[in-house]
1. Mean-square fluctuation check for the chain, GNM, Cα pairs under 10 Å: which of 32, 75, 143 is largest?
2. Within the chain, what percent of beta bridges assigned by DSSP are antiparallel, to the nearest 5?
3. Can you compute the helix-only [θ] at 222 nm over the chain? Use -39500 (n - 2.57) per DSSP H run of at least 4 residues, normalise by all residues, nearest 500 deg cm²/dmol.
4. Would you mind classifying the stretch 135-177 by shape? Square roots of the alpha carbon gyration tensor eigenvalues, ordered a ≥ b ≥ c; an a/c under 1.5 is rounded, otherwise it is prolate if a/b is larger than b/c and oblate if not.
5. For the stretch 89-177, what class follows from the C-alpha gyration tensor (a ≥ b ≥ c being the square roots of its eigenvalues): rounded when a/c is under 1.5, otherwise prolate if a/b is larger than b/c, else oblate?
6. Taking neighbour counts of Cβ atoms within 10 Å as a proxy for exposure, in what order, fewest first, do 117, 142, 4 appear?
7. I'd like the distance between the alpha-carbon centres of the stretch 8-27 and the stretch 91-135, rounded to an integer number of Å.
8. Using Cα-only point scatterers and the Debye equation, what is log10 of I(q)/I(0) for the chain at each q in 0.16 Å⁻¹, rounded to two decimals?
Ligand SMILES: [Mg+2]
């Protein structure tokens, strides 16, 4: 079965650097390229969904985010990993439909890729990722990179699985679903 796999960006795919505007700051978390490659080989659709409230806060522009995202795709491509789409939410208002834990970006990805959210998986390092995934009816995997180790300790969310990094999240998806 082809599934929609939705990955958080900062702290999950790449090292979290607050309000990153310099594409040279893009740094993959170890194992990410191999993990995405495995998803590609298994025939799953892969998208990145990212809150970027720094835009609404005036810390960066939509163009800054687009440049960082373009670099991220290029770096992944060099390492043989393909991401179908990147979505980001520039809003800071918690009522904005696109801002996780709201499900706007997840729904958009499902429409664009014509895949059901009920068979989808969200992988992320923060509460909003897991919450968004649950609201959308997806399976959820918390990674211990980024904020994930602290989120696990706080115990405020109940993901379907908690693993060390995206690399292990992919193994969980391929083995368990
Ligand atoms: Mg994150």
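Read-outs throughout are calculated quantities, based only on the coordinates presented, and are distinct from any laboratory measurement. It should be emphasised that the depicted structure is a prediction, and the values quoted were computed from it without experimental measurement. Here the Cβ positions follow ideal geometry from the backbone for every residue, glycine too, while neighbour counts run over all protein chains shown.
1. Of 32, 75, 143, the Gaussian network model singles out 75 as fluctuating most.
2. So the antiparallel bridges in the chain amount to around 5 percent.
3. The helix-only estimate for the chain comes to -11000 deg cm²/dmol at 222 nm.
4. It comes out oblate by the Cα gyration axes.
5. oblate
6. Listed from fewest to most nearby Cβ atoms, that is 117, 4, 142.
7. Distance between centres, Cα-based: 19 Å.
8. -0.89
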